[in-house]
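Derivation of every value follows stated rules applied to the coordinates shown; laboratory data play no part. In this text the structure is predicted, and so the values were computed from the model without any measurement. Reconstructed Cβ throughout: ideal geometry from the backbone, glycine too, with neighbour counts over all protein chains shown.
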Amino acid sequence: MAIAPRQLLLDRFEGFNRLTNGQKFGLMLGLAALFSLLVGSWIWFRTPDYKVLYSNLNDRDGGTIVATLQQQNIPYKMAEGGGAILVPADMVYETRLKLASQGLPRGGSVGFELLENQKLGVSQFQEQVNFQRALEGELARTIQSLASVQSARVHLAIPRPTVFIREQEKPSASVLLTLYPGRVLDPAQVTGIMHLVSSSVPQLSYKDVTVVDQNGNMLNRTDSEYGRMGLEPAQLEYTRQVEQSYIKRIESILTPIAGPNNVHAQVAADVDFSQTEQTAETFKPNPTPAEASVRSEQSSETTGGGAGAVGVPGALSNQPPGAATAPITAPNVPATGSAGGSQGSSHKETTINYELDKTIRHVKQGAGEIKRLSVAVVVNNRKQTGKDGKVASKPYTADEMRQINNLVKEAMGYSQTRGDTVNIVNADFNLGDKPAEVPLWKDPDTIDLAKEVVKNLLILGIVLLFVFGVVKPLLSTYSMAATRKEEEAEMAASEAARAHAMERIVTAEAGYEDTLNMVKDLAKQEPAIVANVVKEWVNE
């Protein structure tokens, strides 16, 4: 016989009323604790994991960031006495980008916005101080834009200008960098920071800029040491690039023969970084006129005749000449005749200048010339698999090593005149033991996962222990009381029905047939009562 929900609820309520005050209080306390535990677990699971957004903030930046987070309805927490701000883990990078778009955090440095609110009547010294502070702040912000730099401080030592040349002093600068954990700056980046600062201050040389990290290490120390030795980081980097280029060429040409990871090469390059210039001027000795070129030619010719009187004035000049003679060679003297005769003269002079055969040669040797190469190559033995499936090591033959030697020389551009050396060794590689793998229980990811699983299992265990250790016994007691009440009610109704039936049967005046029909009708109308009566008869 089914019991209606309303009747069941009433029976449960009556069963609760039959409990003692202590049982009622315990049941209510258990239900309240279970509800609180379930709600707390639900809230705990829904609470996001908070991670650090920014740390080591000053009060000004911290207040500005908190106000911005409140305006954007981003949940946050404070830690480390207010020096760190935490936000949900899935919102860290998004929040940083939003704050960076607004120029936060400023890191306590001010830029040229310091000059926007200049007060009237500020002295020239105060203006100079404000300008220097603004310049230092702008340089610090620019340096902080580097990926490896977390924060930066710039200090400028700018001397006061003077009109006296002997008293003029050069400015200097110092930069303090705070790098992210695990990050380093290579010499090229440090040199870039030095040039950046020196280019922003007039008459500041990059050699007068000092760069220091948060541990007090001088980052531009290497550059200064190289400068004292006459070397520069660019020269060393070029040497390393040359050596790596030769190593790659040698290994790439031998890998198809020996297989991957079976060839190791090292190259030592002697690079000459000196720059030389040479000018030579040579002359060809005594060239023939046919080979020489005429530079200039000068000719002069004089021809003339005189009809005037010649000789000594007087009587002798008027006398007739003597007898004529005809010598074989006559001197080149002007003829002398009478006043009425004619006399002729001629003079010719030629000067020719030839060009000198001169050669001028100007030779400039560029820096970075390779003076000598030293190459060392190690080739692993050939691996062969035998019939039994075992791998055997077999060295190369003399002819094969000769071929390998020739290949290496061709790949490196071997020059005997230059003094290059090549040394190739064929040996069995000793790779040693493989690095031990990190045990699973020492893996940080596994440890974090185990902690999370243990935390969840602990919560589940507490909930189950509370349910089955406290709540279930109380509910069982309550249910047993209600069931006992139902059984007592059913037994009372059964006894009453039995008594009523027996009374009807006993007091009936009808015969056997009528009594039998009465019992059948009673069994149809009240089957539960008849069943209980039969059950009691059987038990008796």
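Tabulated values for the structure
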item	result
Between segment 350-413 and segment 238-292, the alpha-carbon center distance in angstrom	10
Computed Rg/Rh of segment 90-217, alpha carbon atoms with Kirkwood Rh	1.03
Point-charge dipole on Cβ atoms (K/R +1, D/E -1) for segment 46-102, about Cα centre, debye to 20	100
Segment 121-176: chymotrypsin sites (Phe, Trp or Tyr not before Pro) in DSSP coil with no more than 12 other Cβ atoms inside 10 Å	F164
